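S.K.: Pasting in a structure now, in structure tokens, and then I'll have a few things to ask.
The values are calculated or read from the model by the stated rules, or taken from the named source; none is laboratory data. Just so you know, these numbers come straight off a predicted model, no measurement behind them. Neighbour counts are summed over all protein chains in view; Cβ atoms, including those assigned to glycine, are modelled from backbone coordinates with ideal geometry. Each accessible area value is taken on the protein alone, full model and side chains, heavy atoms only, with ligands, DNA and RNA left out. Shrake-Rupley method; radii C 1.70, N 1.55, O 1.52, S 1.80 Å.
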Amino acid sequence: MLATKSLAPGRRVYGERLYSERGAEYRSWDPFRSKLSAAILKGLGVLPVAPGSRVLYLGAASGTTASHVSDIVGPKGAVYCVEFAPRSMRDLLNVAMARENMVPIMGDARQPGQYAEYIKGKVDIIYEDVADPSQAEIMLSNARMFLKAGGSALMAVKAQSIDVSRRPSEVYEEAIGRLSAAFEVRQRLGLEPFDRHHLFLHLSFKG
Ligand SMILES: C[S@@+](CC[C@H](N)C(=O)[O-])C[C@H]1O[C@@H](n2cnc3c(N)ncnc32)[C@H](O)[C@@H]1O
């Protein structure tokens, strides 16, 4: 089991268990609820998210995974959380109220120009989990605008959202082909048994 050291002790985000250890509080990180936790347990070789990282998070939903990313980057890092569903944004705002490093942004990840004014400078990492048919293009356009050269992208690709009529492996190859114009693929991971519907990618931005 994974856990992150909580930046907001005493608060749960999605009903996770809290543990105290040597004066610090830790939050269990459920791989069935978070694809990043699943990817780590499935053998993600390098986790680019580190203390002090600046992360652009596309598709933050209610903040389940984004809150763990916020724990990891800590007070010197930042997590810019883009979400376009008002209901999710309401929950996300509650989570962000207790976390100074989280910046909730109501915006559409397909139009990065909409939220450029809220992101200061380049980010180290883009995390994308949006379940949109144009997932690859969303990553490319956000990377060109916000990601530093040599920065990392973590991405959960959902074949069913791109094209339900084709074999997932074909859809994944095509998405990777489009991304390879700007990214080097460092690792690709299936997330079974935690999640059966996504391919998880770790990419490095050529700049
Ligand atoms: C699978 S959920 C994300 C779960 C989240 N990453 C987590 O692990 O906690 C996908 C989210 O992406 C959001 N989304 C989809 N398309 C989007 C877009 N174009 N712009 C912003 N958010 C989008 C949806 O509203 C939804 O909340």
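S.K.: How large is the helix-only mean residue ellipticity at 222 nm for the chain, computed as the sum of -39500 (n - 2.57) over DSSP H runs with n ≥ 4, divided by its residue count, in deg cm²/dmol to the nearest 500?
M.R.: -8000 deg cm²/dmol
S.K.: Viscosity 1.002 mPa s, temperature 20 °C: give me the Stokes-Einstein translational D for segment 1-114 in µm²/s, with Rh taken as the Kirkwood radius over C-alpha pairs.
M.R.: Answer from the Stokes-Einstein relation: 150 µm²/s.
S.K.: What is the dipole size for the chain, taken about its Cα centre, with +1 at each Lys and Arg Cβ and -1 at each Asp and Glu Cβ, in debye to the nearest 20?
M.R.: In total the dipole reaches around 380 debye.
S.K.: Counting only residues 5 or more places away or on other chains, whose amide H sits under 5 Å from the amide H of Leu147 once H atoms are built in the peptide plane?
M.R.: Val123
S.K.: Once the other residues with Cβ under 12 Å from the Cβ of Asp108 are scored (Lys, Arg +1; Asp, Glu -1), what is the net sum?
M.R.: Once positives and negatives cancel, what remains is -1.
S.K.: Please list the non-local residues whose amide H lies under 5 Å from the amide H of Phe183, H modeled 1.01 Å from N, same-chain partners needing a gap of 5 or more.
M.R.: Hits under the 5 Å cutoff: Lys206.
S.K.: Further question: Taking only protein heavy atoms and a 1.4 Å probe, what accessible area per residue, in Å², does segment 31-205 have with all protein chains in place?
M.R.: 43 Å²
S.K.: Among all the lysines, which ones have a C-alpha under 28 Å from Lys5's C-alpha, if same-chain residues fewer than 8 places away are not counted?
M.R.: Lys35, Lys42, Lys76, Lys120, Lys122, Lys148
S.K.: Further question on the same structure: Of all the accessible heavy-atom surface of segment 64-171, with the other protein chains kept in place and a 1.4 Å probe, what percent is carbon and sulfur?
M.R.: After summing per-atom areas, the C and S share lands at 53 percent.
S.K.: Here is a follow-up. Among DSSP beta bridges lying fully in the chain, give the percent that are antiparallel, nearest 5.
M.R.: 55 percent
S.K.: Cα atoms only: what Rg and Dmax, in Å, come out for the chain?
M.R.: Rg and Dmax of the chain, Cα atoms, are 16.2, 53 Å.
S.K.: Translational diffusion coefficient of segment 72-172 at 37 °C, 0.692 mPa s, Stokes-Einstein with Kirkwood Rh over Cα pairs, in µm²/s as a whole number.
M.R.: Result for D is 222 µm²/s.
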